[in-house]
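Below: the structure, in structure tokens.
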Amino acid sequence: MNLSLYTISAFIIIDTDGHRVLAKYYHPAGDPNASSKKLTTFKEQRAFEKGLFQKTKKAGGDITLYDGYLAVYKHSLDLICYIIGDTSENELMLLSALSSFVEATSSLLRNQLEKRSVLENLDLVLLCLDETIDDGVIVETDAAAIASRVSRPRADTTEIVINEQTLLSAYQTVKEKMQQRIGQL
């Protein structure tokens, strides 16, 4: 029975041609499964990604076993997002984390989860990933919470309008406060 919080071995985004768009492999020091040092070199990672893509390139599934790992994946327009875990992990938890990441990223990218928008907004995508998974541990599965932590404040909504009315209002407030202070003495 695996009671560790370290549930995720890798997060990968591959385009529909089989090329890596984003990959993050987790090898934390406190992971009890760290003794199996697989997928540590770039060559091993690329070979794993190529084989995984060949197995999952056709849409239709969302969970598969590949090379001793459990892979949960979702197809988007021209991307496939994967969460890779140990075979003893809970598939529903991995799928929940992946779904919340995809939903949060999609909402931040205005429902355009495609290769071009991911590459143009890589900072937002990586922040979403960091808010969802921290060093192999799933930390959030609520897409709205992830998106709200990552979203940038818009410049047009934080404008402060200063006109004669607001200045007069500020003057009246200061005048009243001063009168109250003087009255207390």
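The values are calculated or read from the model by the stated rules, or taken from the named source; none is laboratory data. Values in this document were obtained by computation on a predicted structure and should not be read as measured data. Methodologically, a virtual Cβ is constructed for each residue, glycine included, from the backbone with ideal geometry; neighbour enumeration extends over all protein chains shown. Keep in mind that these areas ignore ligands, DNA and RNA; they rest on the heavy atoms of the full protein, side chains included. Shrake-Rupley method; radii C 1.70, N 1.55, O 1.52, S 1.80 Å.
Computed quantities for the displayed model
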| read-out | value |
| --- | --- |
| q = 0.08, 0.15, 0.17 Å⁻¹: log10 I(q)/I(0) that the Debye formula gives for the chain, counting C-alpha atoms only | -0.37, -0.86, -1.09 |
| Dipole in debye (nearest 20) - the chain, about Cα centre, beta carbon charges: Lys, Arg +1; Asp, Glu -1 | 280 debye |
| Region 44-90: trypsin sites (Lys or Arg not before Pro) in DSSP coil with no more than 15 other Cβ atoms inside 10 Å | K57, K58 |
| Local net charge near V139, Cβ-Cβ under 15 Å (Lys/Arg +1, Asp/Glu -1) | -4 |
| With every protein chain in place, the chain: carbon and sulfur % of accessible area (1.4 Å) | 52 percent |
| Folded to 0 to 90 degrees: helix 122-132 orientation relative to the chain principal axis, Cα | 80 degrees |
| Computed Kirkwood radius, in angstrom, where 1/r is averaged over Cα pairs of region 40-121 | 13.6 Å |
| Helix 164-184 vs. the chain, principal-axis angle (Cα, 0 to 90°, nearest 10) | 70 degrees |
| DSSP bridge pairs, region 1-144: antiparallel proportion in percent, nearest 5 | 95 percent |
| Charge dipole of the chain about the Cα centre (unit charges at C-beta), most positive-ward option of S148, I8, Q45 | Q45 |
| Solvent-accessible heavy-atom area per residue, rounded to whole Å², over the chain at 1.4 Å | 62 Å² |
| Net charge over other residues, Cβ less than 11 angstrom from the Cβ of K57 (K, R count +1; D, E count -1) | +1 |
